[in-house]
C-alpha cells in the first residue's frame, strides 16, 4: 500500500488544488439550484439545505479534523476525507429523491479538510511572514477556479442537466486522491500523544483574546462569502431574471476581487503587519457593500449595483484572510492544526447561519435589499473584531512580552 507514497513536502500547486477543490465542491452546482428544486419538486428553501446543511456539517467536521491531523498526521486525514467525498458524490448522482440527495450531499462536506489542513501544512513548513506570502499565493491561484466553476456548472446544467456537475466532482475527487498520494508527504513532525490530549487543548485557545479576535474576524468574512453563494441564485433568477449561464458568470465576481486582493497582499505584507492588513481589507469590504446598498435603496437595482459591490467582498477578503489564518495559528504554533480546524468550524458554522437566513428571508420582493443588508451586517462584525485584535496586538502589555 505504500508503493510510491509521497515522503516529501507537497509542491505549491498541490496545496492550491487541494484548497480550490474544497471551494469548487460548494459552488459549482449553485447555478443549478432552481432547476434541481423543480426536478425534485421542492421549494427553494428545501433545496437551500444542500448549501446550509453542507456548511453546518463542515463546521462540525473541522472541530474534529484539526485535532485528528495533529494526532495522526495531515496526510492520512486528507486521504480519508477525499475517499468519503468520492463515495458520497456517487450517492448524489444516483439519488432519486431530495432526501437521499441531501444526505449524500451533506456527506460531501468531508472535502472541507482541504481548506483547513492546507493552512496547517503551510504553517508546518515555514514561519509567519513566509506563511502569509504563500497563503496569499494559494488564495490568488485558487480564486481563479471558483470564479470559473459556477460558469462551468451553469453551462453543464443547460446542456446536460445538473447531475453532470456531480460527475465532474467525482472525477475531481479521484484525481485529487492520486495527487495527494504521490505528492503530499507528512508535514506534521510533532504529533500529539493521544486524541483526547489534543482535544483537551481547546480550552487553552478559548482563553486567548487574540484567538477569538482573529477567529471572529475570519468567521464573519467567510460567512459573508457563503451568504453571497446562498442568496445570489435567488436574487439573480427572481429579481434580475438571469439565466443559469449568466448567474454562473456573476457568481465569479467575488473571486475576481479575491484574486486581486490576494495578489496585492503578496506585495504589501512585507510593509504592514497582520492586523494592519486585516483592517484594510475589512474597511474596503464595508465601504463596497454600503455603496451597493445605498444605490439599491435609491432605486438602482441592477446587476452592476448588486454584483459590482460583490467585488469588494472578495477584494477585502483577499487582503484579510491570509493574515487572519496566520494570526490564528500563531496563537499557539504547537496547536496549529487544532486552531485552524476550530476557527474553520466557527467560520463555516457562522456561514451556515447566514446561508440559512438567506433562504428564509429573501423573496422576489425584498431580495436585493435584504441580500445586501445581511452581507453588510456580517462585514461590520468582522470589522469590529479586526479592531479588537489590533488593539490587543498593539497594546503595551503585549509588546512587553
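State whether the residues of the range 186-195 include one that is within 20 Å of residue 115 (Cα to Cα) and either in contact with a strand residue (DSSP E or B) (Cβ under 7 Å, 6 or more places away or on another chain) or at pLDDT 85 or above (or both).
No, the range 186-195 has no match at all.
Just checking, which of 273, 241 is surrounded by fewer than 24 Cβ atoms within 10 Å (Cβ to Cβ), within 27 Å of residue 365 (Cα to Cα) and at pLDDT 80 or above?
Answer to the selection: 241.
If residue 201 satisfies every condition in (1) buried (at least 21 other Cβ atoms within 10 Å of the Cβ); (2) at pLDDT below 75; (3) under 20 Å from residue 349 (Cβ atoms) but one, which is the exception?
Failing condition for residue 201: (1).
Which one of 382, 338, 343 is at pLDDT 80 or above, surrounded by 19 or more Cβ atoms within 10 Å (Cβ to Cβ) and more than 22 Å from residue 27 (Cα to Cα)?
After ruling out the rest, the residue left standing is 382.
Looking at the range 28-37, is at least one residue modelled with pLDDT of 85 or more and within 19 Å of the chain's Cα centre (by Cα)?
yes
Could you please tell me which pairs satisfy a Cβ distance under 6 Å, a separation of 6+ or placement on different chains, a first residue in the range 200-214 that is on the phi > 0 side of the Ramachandran plot and assigned to a helix (DSSP H, G or I), and a second residue that is exposed (fewer than 15 other Cβ atoms within 10 Å of the Cβ) and modelled with pLDDT under 80?
Close Cβ pairs (under 6 Å, with a partner that is exposed (fewer than 15 other Cβ atoms within 10 Å of the Cβ) and modelled with pLDDT under 80) do not exist here.
Assess whether residue 264 counts as being in a helix (DSSP H, G or I), free of Cβ contacts under 8 Å to residues at least 60 places away in the same chain, out of contact with any helix residue (DSSP H, G or I) (no Cβ under 6 Å at 6 or more places or on another chain) and under 26 Å from residue 388 (Cβ atoms).
Yes, satisfied.
Any idea which residue in the range 293-327 is modelled with the lowest pLDDT, counting only those that are part of a helix (DSSP H, G or I) and over 23 Å from the mean Cα position of the chain (by Cα)?
303
This table checks each residue for (1) touching a helix residue (DSSP H, G or I) at 6+ places or on another chain (Cβ under 7 Å); (2) modelled with pLDDT of 75 or more; (3) buried (at least 19 other Cβ atoms within 10 Å of the Cβ); (4) assigned to a helix (DSSP H, G or I).
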| site | (1), (2), (3), (4) |
| --- | --- |
| 78 | yes, yes, yes, yes |
| 85 | yes, yes, yes, yes |
| 99 | no, yes, no, yes |
| 120 | yes, yes, yes, yes |
| 129 | no, no, no, yes |
| 132 | yes, no, yes, yes |
| 145 | yes, no, yes, yes |
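Based on this model, can you work out whether residue 16 counts as in a helix (DSSP H, G or I) and surrounded by fewer than 23 Cβ atoms within 10 Å (Cβ to Cβ)?
When the stated conditions are applied, residue 16 passes them.
The values are calculated or read from the model by the stated rules, or taken from the named source; none is laboratory data. Please read these numbers as outputs of a predicted model, since none were measured by experiment. With ideal geometry, Cβ positions are generated from the backbone for all residues, glycine too; neighbour counts draw on all protein chains shown.
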